[in-house]
Amino acid sequence: MCPGSVDAAPAAGKSVCVMDAAGPLGHALVDRLLRRGYTVHAATYGLGGDDGGAEAAALRKQYLPRGAGDAYGHRLKVFRADPFDYHAIADAVRGCAGVFCMFNTPDDQAQCDELTVEEEEVRAAHNVLEACAQTDAMERVVFTSSVTAVVWTGDADKEDGHLAVDERCWSDLAFCRKFKLWHALAKTLSEKTAWALAMDRGVDMVAINAGLLTAPGLTAAHPYLKGAPDMYAAGVLTTVDVDFLADAHVAAYECPTAYGRYLCFNNAVCRPEDAVKLAQMLSPAAPRSPPSDELKVIPQRIQNKKLNKLMLEFASGVYGKLD
């Protein structure tokens, strides 16, 4: 049984904010948090009106758990957020004990350029962390980053490229710019910005560095996948489903032992059949073909042992004693 499926009630009347709540992860988190007893501020960048508008009312229906009726309605509040509007973000997080901060990057590589990433994600990270620092009730921020902020170290083509990759690694900014890896650049810069603000303002923050989210609508044009053959060859191409990712976020917020960064994935694409399965998922209409003879089994270089330990602690309720 996944921890997020349990209707536990550790919330004790606490309010938390999910921002941006519009994507698959946002929806999954709102569902879990409502079921666990929290009052949820669902903040959406694309929302045009305020909490009382018709658009907000429609979103409320989307966010409420299926079959719940009005049982959770009184604990769900919808807010407008804007990465460039500090005051809108501050309104959304006001009174909250926790914030789940994520940025839904464009689904197409053509829409993801250097200007976009530096102007939007970095500014949003700065505004969210600053707003959290000014919120007296704030206990912890869970910041959603990406595996792409970890794996592009520039070592993939070196003879010592077999060295393990874990949450201590950071993608090299110059390398990302050289090869126009804008998604990796965005996630690295925004996460570094968030960490700098968190440490300077004394905000308790935990980062979840997620693999490629395999949600409906995913295509080969997703900017995460730029350089995918190189990630595969280096043994660091990973995916994660939305349920596992949402559970990891809840664990990172509720576990008192959670700290630092956590690599989050539940599938490492290291075998030819794994690569073919991912390709079929990205392009379901394409003709199916057997694995290419050019593909070979790649040793997995990326590890998420730290997250696995956290999830065990979360499931058992025993913290700091599991080795």
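Arg94 to Tyr259: FRET efficiency via 1/(1 + (r/R0)^6), r the Cβ-Cβ distance, R0 35 Å, to the nearest 0.05? About 0.85, to the nearest 0.05.
Segment Lys305..Tyr319, full-extension length gain: 3.5 nm, with 0.36 nm per residue of separation and the alpha-carbon distance subtracted. Using 18 Å as the Cα-Cα cut-off, could you pick out the over-long pairs in Lys14/Lys77; Lys14/Lys192; Lys187/Lys309; Lys277/Lys305? Pairs exceeding the cut-off: Lys14/Lys192; Lys187/Lys309; Lys277/Lys305. For the range 221-285, the set of chymotrypsin sites (Phe, Trp or Tyr not before Pro) satisfying both a DSSP loop assignment and a count of at most 10 other C-beta atoms within 10 Å is empty.
Quick note: the coordinates plus some simple rules give every number you see, no bench work behind them. Keep in mind the model is a prediction, meaning the values are calculated, not measured. For neighbour counting, all protein chains shown are included, and Cβ atoms are generated from backbone atoms with ideal geometry for every residue, glycine included.
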